[in-house]
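No lab work stands behind these numbers, since they all come straight from the coordinates. Bear in mind that the values here come from a model prediction, so they are computed numbers and not experimental data. All Cβ positions, glycine included, derive from the backbone under ideal geometry; neighbour counts span all protein chains shown.
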Amino acid sequence: MINRRQFVYAAAGAELFRRSWNLFGAAADKYDLILKGGRVIDPASGLDGIRDVAVSGGRIAAVRPDISEGSLESIDARGKLVVPGLIDIHTHAGRSMEGPGLVLKDGVTGWIDAGSQGADHIQDVVNVAKASPQPGRVLLNIGRAGILSDGDTMDLSRADVGAAREAISKNREFIVGIKARLSQNVAGTNDYEVLRRAQEVAKAFNLPVMIHMGQTYSSIPKLLGLLKRGDIVTHMFAPPPNSIIDDTGHILPEVLAARRRGVWFDVGNGVTGHLRWDMVEAILKQGFRPDTISTDWGTNSPTTGVVDFPNCMSKYFGYGMSVSQAIACATSNAARVFPVFKNRGTFKVGSPADIALLELREGTFEYVDNYTNKITGRQRLFPAGTVLAGRRIQRP
Ligand SMILES: [Zn+2]
């Protein structure tokens with residue numbers, strides 16, 4: 001028997017011994033970090049169960065029940081969801097230097113800034129992406145002055161193919177696509193020509209185009225006719241004029257055809273004009289689920305209906321989407337849209353150790369659409385921690 005003091009000394013000695021072994025490269029601690037006992041959901045592998053996730057050298061090292069080997073650090077994940085780091089393909093995180101750090105705390109380990117700037121000021125957004133702790137990339141607004149309150153391309157000369165090409169040439173690593181905002185209050189009657197020019201630029205660099213749909217001058221079938229495999233339609237739940245359903249609530253055949261040829265359909269939650277519950281109900285009832293869920297995030301999001309990415313993911317549970325389907329939309333699916341996220345959005349061994357901890361709470365939660373209509377949900381996801389490249393991000 002040893003007394004308490006002897007035990008403390010012995011424990012301290014063991015810790016010293018363990019650390020010094022590590023200094024000499026021995027395998028006293030096999031892993032850098034283990035997340036213990038969470039509900040691990042990895043849609044890419046179809047996994048949904050209680051597991052430990054071990055991280056080593058910034059990569060996923062093992063996903064198994066009860067990993068017994070030691071680790072330098074551990075996180076008690078019991079009662080939480082452990083999912084691949086969230087990838088938000090429609091944000092405006094590039095509008096301010098603090099944006100990427102703010103979404104990182106919500107579990108977002110990869111982001112796309114969707115057209116905050118055009119050719120004239122693209123460097124501002126690219127600089128934010130360059131300084132971002134997590135991978136961040138940029139869609140170039142085809143309107144050379146970026147987002148304008150009186151309409152990006154109301155003046156068609158702002159959809160300047162030459163200026164856009166030059167901006168991309170200078171920033172090949174960070175500009176990963178073109179954004180064409182096509183609503184009538186953005187492009188007037190120019191939407192079709194604006195999109196045609198966006199494609200002219202995109203094709204020269206083999207890049208995708210993301211269109212901002214909803215309340216356009218031209219019909220959706222006409223606009224979709226200009227979209228190629230890999231392009232993205234954001235604001236898919238936007239109400240008429242020119243939504244993705246007809247007057248009787250059926251998905252337009254051109255929309256189904258676009259999906260078949262590899263066009264992605266994205267939520268782009270946002271604040272005005274993009275999301276209405278009756279549209280969500282009609283569209284999801286027909287089994288036309290989003291490929292990706294995204295926020296259209298801005299620094300004001302905590303005070304709007306967006307709140308954070310996990311909140312935006314929770315809005316569809318009441319319309320028949322499961323938790324794992326919503327997580328797929330924010331991880332494995334989103335990772336397929338842009339090559340920068342290759343090998344992310346999954347817990348495959350060897351992939352970057354980007355992890356979001358989420359809490360799935362039961363209760364009564366109010367969700368608001370872009371038209372102040374409210375629905376009540378019984379479940380909501382809350383951010384509960386982030387690991388980026390194997391390192392734990394401290395929440396304030
Ligand atoms: Zn947006």
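Observations
- Between 0 and 90°, nearest 10: helix 161-170 axis offset from the chain longest Cα axis: 20 degrees
- Cα-based helix-to-principal-axis angle, 191-205 vs the chain, degrees rounded to 10: 50 degrees
- Site pair Arg165 and Asp120 shows an inter-label distance of 2.1 nm when each label is modelled 7 Å from Cα along Cα→Cβ.
- GNM result for the chain, Cα springs below 10 Å: residue of Thr109, Thr91, Thr376 fluctuating most strongly: Thr376
- Nonlocal amide H pairs with Gly230, under 5 Å, H built at 1.01 Å: Val263, Trp264
- Linear extension gain, Leu256 paired with Asp278, 0.36 nm per residue minus alpha-carbon span: 6.0 nm
- Table column - 3J(HN,Hα) (Hz), segment 293-307, Karplus curve with 6.51, -1.76, 1.60, x for Gly and Pro: 9, 9, 9, 6, 4, x, 5, 8, 3, x, 9, 10, x, 5, 6
- Annotation: amide H-H contacts under 5 Å for His90 (H modelled 1.01 Å from N, sequence separation of 5 or more, or interchain): Ile112, Thr295, Asp296.
- Among Gly287, Gly136, Gly177: highest mean-square fluctuation, GNM of the chain, C-alpha pairs under 10 Å: Gly287
- The string of couplings for segment 143-152 from the Karplus curve (6.51, -1.76, 1.60, θ = phi - 60°) is x, 5, 8, x, 6, 10, 5, 9, x, 4 Hz, one whole number per residue in order, with x for Gly and Pro.
- Helix 4-23 axis, angle to the chain major axis (alpha carbon atoms, nearest 10°): 60 degrees
- Surrounding net charge for Tyr371, when Lys and Arg each add one and Asp and Glu each subtract one, Cβ distance under 13 Å: 0
- At an R0 of 56 angstrom, the distance between the Cβ atoms of Leu226 and Glu69 translates into a FRET efficiency of 0.55.
- You can think of it this way: the chain between Glu200 and Gln286 has 27.6 nm of extra reach, that is 0.36 nm per residue less the Cα-Cα gap.
- Protection proxy ranking of 121-129, 153-161 - average other beta-carbon atoms within 10 Å, highest first: 121-129, 153-161
- Within segment 125-265, percent of DSSP bridges classed antiparallel, to nearest 5: 20 percent
- Each part reduced to its alpha carbon centroid, segment 186-209 and segment 236-255 end up 22 Å apart.
- The dipole here belongs to the chain: it is taken about the Cα centre, uses +1 on the Cβ of Lys and Arg and -1 on the Cβ of Asp and Glu, and is about 1100 debye.
- Across segment 57-69, computed HN-Hα scalar couplings (Karplus, 6.51 cos²θ - 1.76 cosθ + 1.60, θ = phi - 60°) run x, x, 10, 5, 9, 6, 10, 8, x, 6, 6, 9, 5 Hz from first to last residue, x flagging Gly and Pro.
- Exposed GluC sites (Glu not before Pro) absent: longest stretch of the chain, with sites in DSSP loops and at most 11 other Cβ within 10 Å deemed exposed: 174-396
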